[in-house]
1. Got a sec? Which residues in segment B:807-830 would a label at B:THR315 touch, if it sits 7 Å along Cα→Cβ and we count backbone N under 11 Å?
2. What length, rounded to one decimal in nm, is gained on full extension from B:SER233 through to B:GLU95, with 0.36 nm per residue of separation minus their alpha-carbon distance?
3. At what distance in angstrom do the alpha carbon centres of segment A:415-467 and segment A:94-130 lie from each other?
4. With a point put 7 Å past each Cα toward its Cβ, work out how far B:THR433 is from B:LYS595 in nm, to one decimal.
5. Quickly rank A:405-416, A:119-130, B:400-411 as a protection proxy: mean count of other C-beta atoms within 10 Å, highest first.
6. Points 7 angstrom from Cα along the Cβ direction at B:PHE410 and A:ARG421: gap in nanometres?
7. Just tell me how shielded A:608-617 is by partners: mean number of partner chain Cβ atoms within 10 Å of each residue's Cβ, no decimals.
8. Which of A:TYR365, A:TYR456, B:LEU270 sits farthest toward the positive end of the charge dipole of the protein assembly as shown, with +1 on the Cβ of Lys and Arg and -1 on the Cβ of Asp and Glu?
Amino acid sequence: MDKFLEIFILWPMAAFFISLFLPKSNEKLISGFSFGVVGLHFISIIGFLAYWISVGRGNINIQEFSLYKSENLHYFIDFYFDHVTAVYSLVGSMLTFLVITYSRIYLHREDGFKRFFYTILFFYAGYNLAVYAGNLETLFIGWEILGITSFLLVAFYRERYLPVKNALKVFSIYRIGDVGILLAMWASHHFWHENVTFEKMHDINQVQSHLQGHALFGVFISIMLLLAACAKSAQFPFSSWLPRAMEGPTPSSAIFYGSLSVHLGVFLLLRTMSFWEQQLLPSILIGTVGLFTAIIGASIGRVQSSVKSQIAYASVAQIGLIFFELALGFETLALVHFAGNAFLRTYQLLVSPSAVSYLIREQFYHFESKHQNIETHFSKKLEYSLFLLSIKEWNMDELLDKFIWKPLKHMGTLLSFLNSRNVFYFVIPTYVIGLLVKITSYSIPPFMLDLLPEIYAFLGLLLVFRAYSERRNVFVGWTLILMNHFWVVLAISFNDTLSLYETIYYFTGVIVAGLLGYTVLYALQKKEAGIDLNRFQGHVYEYPRWSAAFLTACLGLAGFPISTTFVGEDILFSHISYDQVFLAFYLSLGFVISGITLIRMFARLFLGPHVKRYHAIAQRSS
Amino acid sequence: MKHTIDIFRVDNVIHHLKHYLPSQAPLKDFIHHNTLHAFQDRKFFQAITEASNIFGYKTSLSLSEYRMLFLSGKIQVGVLEKVIQSRKGKGQQEEWKQKMLQGEYSDNFAGRRSHLRNHWKDLYNIDLDLAIQPFLFRFLCSYLDQGIAIWRFPVWNKGFLTTIREMERNTFNSFFKTPRARKLLMDRKCEIIDLLQILVGDETLFEHYLFDQQFAHPGWSGMVSVIEDTPQSLLDARRISLHDLIIFELLLEIDQLDRKFGENWLPLGLRIEKKPEHLFANVEVTEYREVLHLWQEAFEWTYYDQVLGGISKVTVRNEEVRKVDFQALFCIDDRECSFRRYVEDIDPGAETFGTPGFFGVEFYYKPMNGKFSMKVCPAPVTPKYLIKEEIENKTTKKDFHFADYTHSLFFGWLITHSIGFWSAIRLFINIFTPRLSPATTLSFRHMDRFSRLSVEHFGHEQPEDGLQVGFTVTEMADRVEALLKSIGLVGDFAPIVYVVGHGASSVNNTHYAGYDCGACSGRPGSVNARVLCYMANHLEVRQILKSRGITIPATTIFLGALHDTTRDEIEFYDDQFTDAGKNQLHLKNKEVFQKALLRNARERARRFVTISPKLSLRRLYKKVKDRSVSLFEPRPELNHATNALCIIGRRDMTKDLFLDRRAFMNSYDCTIDPEGNSLFHILKAAAPVCGGINLEYYFSRVDNLKLGAGTKLPHNVMGLIGVANGIDGDLRPGLPNQMVEVHDPVRLLIIAEHYPEVVLKTIQRTPELYEWFINEWVHLVAIHPDNRTIWRFEEGSFTEYMPDYQPDVVGNIEKHFETEVDNLPVFLIK
């Protein structure tokens, strides 16, 4: 049976790779292939579930292969199957199957027909990886795949401004969620003294015994998980990305933002429930966030005058309630709620264009000129204020802007004295000093040595900040991000001995991606004078292949699960001891911001309205 | 043309703006019109050049597209040479041909618009549009919303700006972040010019600035302008004006700038070094443009030549007396073109006519239980009559997926736990076996076939909504007479005369109204068909008609019907006769219609690549019907796509021609209209209606991104009045890509059968009508009724035209449907 389960999980991934090689012009083949793959998958899941129920619904854990093993770190892929997985995989496969069937005709003749299908397949592979994951590391791989496919589908209409802008927004918020998972992974490593599986986490006695003496760590992990769940499930204060993600073809919005992707935060909480449930503070926090989001989500939803944003906020509010149900310990209720919400919103999104004819007919036959609702009974001042507040989405965007994006930009601006000419005069000497110190470490006083990892990690982080605000020179931005990796490795090496093997493991991905990126940038600059990062340039119109290559390079450099660097990140984290919260924070922040910077770089160069005007270009406001 | 508005006058500029903004009405009243109507006072080629240079539209195919068409034979070299010769003179042929085929030009569709306002970003490093538009659109949409939001806009029935002031006065949550903008808002004397003084400073730039600003979101501005001019286009009326919108937007801009720079910043006009070129300054037609224009003409005439060649080869029938089994009136709509051909083919005794599908009866229609009445005649007409539907127990089915309560917190909670699961089943069913649902727009639901209609006005009915209920006998007789005379049906009446309106059915289609009958203001034509039949069957009406020279025999009856162009189904009204012989006859005719529909569906199916042509006729028919109820089908039918012709004349002229559903066809008999009076009425309607449809298709096709609505797959419904991409985008007027992708952008060719001198006099009767022809927005050809010679209208006069094309004679046209998906050439049917 175990073998069967493995095939199950890896099947969509294999299908994704095959779909990349299907001929672009053969719609029938592409859509038929996807239909067959997911349809069969759906049927086998039903079969498997029947079998699983008949043998007593036991939990299944399969330790798959190791990706990396050393004395203090064992990085392995692990799968787990229980009732939560059962529900998520059944709902997921059913909806994906229906949406793919729907899209076979819907997408007919659309530019990017193939792109749509392979992205959905990739998404489906990531989804399965996440819901079948047996440990956080495996889940994180699926999680990241969902992030990148979300970006690609929101920006499906890549020649327009708004989809690309909103795709970046969605991606950035997902990245914030990633900080949560990265830090949760690091902390749980110290908490459990091993790479813990969910199976073990479900052992309440184990959790209890570990919590004694590490209570604070327990709270930290739970809060980081909550952060990740909030970002992914569009809870306060991250809700505003959800309606803005509705830029792709309607079925993709339905499956991602109506149903599956947006409920993954709930999944993360369900998965780790036995862990955070044991602690009062996180439970209260989860309940509060959920309830608060439910209330403001519903109030924002009430004033939405476009169909899709109305559905999005209605869904956000329901997910808030699911969080609340979880906090109260109603696991089954939450699972039922998830499934019902996913089905309802998917269908509502799919029929959303019908709203025009249906509601106009309703209006035609049942019109009342003055509407009564609860708010009519409020005082005028309260009514107007609440209405405007809801129209402004409770200023959530401004909140994020004020506390996250503005400070980041500000940091970068402070560093703007480092320009393309002088930046390397600062960077290289400091690095060389660091290297020398490393080599001759015996001559440094110990308290200095203790500080060095933080100092170097922080300097590395500054490079990322600088890259984040770099708008003119693409090469400077690229180089700074690349160098950050070197600084981080140096910083960690002050901490603990990094073996050569580990270093090579980490750098292989970085260097390959870095070189690939340079090549594309160089080639692009030779062809197109004046590439910069000030605006979207849409070069994918002429150079789709370079665009794909550059995206790969960006993902590699950002440490996505396509290269060894992804595991390398985890290796680095394993060398951070439990009392170095700052170091862990600098590192994760660095990864997160470099990820955003890189994807934005890609978007600015290759996506958006084309700078060349020899063909029709969409309005910027569309 | 030189515009020098040195002294800025707000009213003039707003008027000017409104003229150029898109004028598409809210979705429920989708009416086709010339997208570039503002340029119609100029010659077509001059106009599209100006529109392109000023607003950055792509107004023709690109050079490479034309060259591709040439290589694939869709532009004939002979025609191309002729075009060059007529436009450039004899000696120039080789030189221009060389330029067209090999000349190196780079396409460039960047306009002057936005040049001024771009300086905010360049000089002040501030992105005003990004900061303001999302909020502005959301607020505007909430204000205009017709029924999506659950919490309706709280201030009711005041003007836009008054509403904003009222809210600003009573809120803890200001519109603005800085004091100055707030103060300016509350100062009722503050006008556009004062705000522009703060923002721009230089009066000569004001107009340009407003154009830049409003054309940054032409969709919303255009909608506001339309609602301002025709408040009745919203059922739930709203008071708004472009003026108010501009003030609000200017205030938001000042607020943003104050927020960034404090109150001391230099107006834009004082900081720019070089003034941008005047928006409406002269536009030079460059050689590149001339090349494009030559290509366009060659493209058009390649097709026209086929059609005219075909017409010249049609054999003139002997005026033998044919036995007429039945007669049928259809709409002039291009979608009825093939249906008529099949009806005539299956029953050679059938005689068909074309006329605008409101059948000359103009009125508002109020269905049973309706709270409003809807116009069912051409949009420019304002009828004085009301027709009411009467029937007991009329119910409409509901669908909870659109209900408010699914979005609320607590009911939503209950629903997701319960009927949320029903959604999954519904989705399964709908995807694998598409079927009718309450969400489907079905043409037959427009009017219940068992209902009564209040057609006749007996004198005692009270007026309703200021309209007379029903028509008096004389009013009826006038309308029947005018209709019959205009199509030339004044004698030889068959036992049954069918009057067939048309409508369309679809689901998940925001542009559903654009699929129905254009002559009925985007509604199905069933009521009109029934109303006309009632009138023509009325004994007193017939008596009056007799006195006016039209004798309808007592044995003749008029019978209403509706053809659903998407589903290819037909429904007959009031078809229970006491006379058994009539019943028999009707049953026989019904079969003819049914067979014709089947074959019509097959002809249509060839364009839907997703339906295999190898299927049996029945299965294919089922597939075609399924499209109208499939949620996932963005092309239920192809509507007016590929339209290119409008033929006004006797059916004999085109009866043997295969025109591939590309022609609007209006029946007209010049022999009973020597003065061209009926012709004038036909042209007066056909030029703007068919021309409008044709040009909207043309522009949506050549620039689907700016002049069309783009692909419909990501569309989001905004306030039930329009569609946008995503939630922060501007409204997208124009036609979505799925409607126009198979359309060849050629102008309409009107072919009228009459003496050229009569046609010339007719079109010159009003300047509005003449403008269409003299400015070349539509082409015109007259067919000489005596000898079928062809006369082309050019530069104000008719000259004889000799077509080169020799049409193939084809016996079985249907074999082409199995292999061809593109436009077919004109054939002569054996």
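1. B:830
2. Numbers: separation 138, 0.36 × 138 = 49.68 nm, distance 5.30 nm.
Extra length available between B:SER233 and B:GLU95 comes to 44.4 nm.
3. 46
4. My value for the distance between the label points is 3.2 nm.
5. A:119-130, B:400-411, A:405-416
6. My value for the distance between the label points is 6.9 nm.
7. Numbers: counts 0, 1, 0, 0, 4, 8, 10, 9, 13, 7.
Averaged over the peptide's residues, the number is 5.
8. A:TYR456
Values quoted throughout were computed directly from the atomic coordinates according to the rules given, and no laboratory measurement underlies them. Not measured: the values here are computed from a predicted model. Glycine gets a Cβ as well: all are built from the backbone with ideal geometry, and neighbour counts include every protein chain shown.
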